Amino acid sequence: MSLQIRLMREQDIAAVFGVQTQAYVSAMVEAESIFHARLRAAPTTCWVAEDAAVGVCAYLMAYPSSSGKISSLGSDFDPAREADSLYLHDLAVGTAMHGCGVGVRLVEHAQAYALSAGWTTMHLVSVQSTKAFWQKQGFVEVTALSPEQTSALMTYSGLAHYCVKQL
């Protein structure tokens, strides 16, 4: 496996959308146009994993945020001017690379970026029974949520868990 993690580019969006449709149930698939807007809003915190044989096989879309701020499903990124956290909004791995550690490598890459920026946490919403994966990466579920956080969490299909990792 010859895997490279690099910044996402506009020309990657079609492949990224394809990975999303492989990874998520239909109620969780976000419009391709949202990917373009998010990439424009946070171009330095959106990455793809590209395999020499498979091409773009996974991605992670994140943005500079404030601890405790949960993004609703389908919302645009709103990067914080004075960020203290990296919000990992969307990590997906295509079926061809399941079980190869690609998701872990993307999370490690994001964490290195967050540490270099001086941020103190990373946070996310875990969906589709991925809580155990995130716990293995050092994330802890936060259950004491404000009404605003609960409302944002309810936009996700199925069980959703807000999780935080201290850096």
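Output the residues belonging to region 123-134 that are in contact (Cβ under 8 Å) with a residue 60 or more places away in the chain and either surrounded by 17 or more Cβ atoms within 10 Å (Cβ to Cβ) or part of a strand (DSSP E or B) (or both).
Val127
Collect the residues in region 65-79 that are open to solvent by less than 30 Å² (accessible area, probe 1.4 Å) and hydrophobic (A, V, I, L, M, F, W, C), keeping them in residue-number order.
Once the filter is applied, which keeps residues that are open to solvent by less than 30 Å² (accessible area, probe 1.4 Å) and hydrophobic (A, V, I, L, M, F, W, C), region 65-79 yields Ile70, Phe77.
Quick one: is Ala83 touching a strand residue (DSSP E or B) at 6+ places or on another chain (Cβ under 6 Å) and either surrounded by 14 or more Cβ atoms within 10 Å (Cβ to Cβ) or part of a strand (DSSP E or B) (or both)?
Taking the combined requirement at face value, the residue satisfies it.
Matching residues to (1) closer than 16 Å to Trp119 by Cβ; (2) modelled with pLDDT of 95 or more; (3) touching a helix residue (DSSP H, G or I) at 6+ places or on another chain (Cβ under 6 Å):
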| position | (1), (2), (3) |
| --- | --- |
| Ala15 | no, yes, no |
| Ala27 | no, no, no |
| Ala31 | no, no, no |
| Ala49 | no, yes, yes |
| Val56 | no, yes, yes |
| Pro64 | yes, yes, no |
| Asp76 | no, no, yes |
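Applying the selection to region 37-49, what residues are assigned to a helix (DSSP H, G or I) and open to solvent by 50 Å² or more (accessible area, probe 1.4 Å)?
Arg40
One line per residue, one yes/no per condition, for (1) surrounded by fewer than 22 Cβ atoms within 10 Å (Cβ to Cβ); (2) touching a residue at least 40 places away in the same chain (Cβ under 8 Å); (3) farther than 21 Å from Val127 by Cα; (4) not basic (Lys, Arg):
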| position | (1), (2), (3), (4) |
| --- | --- |
| Arg6 | yes, yes, yes, no |
| Ala14 | yes, no, yes, yes |
| Gln22 | yes, yes, no, yes |
| Asp51 | yes, yes, yes, yes |
| Tyr59 | no, yes, no, yes |
| Tyr63 | no, no, no, yes |
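The values are calculated or read from the model by the stated rules, or taken from the named source; none is laboratory data. In this text the structure is predicted, and so the values were computed from the model without any measurement. Virtual Cβ from ideal backbone geometry, glycine too; neighbours counted across all protein chains shown. Surface areas here come from the heavy atoms of the whole protein model, side chains and all, with no ligands, DNA or RNA. Shrake-Rupley method; radii C 1.70, N 1.55, O 1.52, S 1.80 Å.
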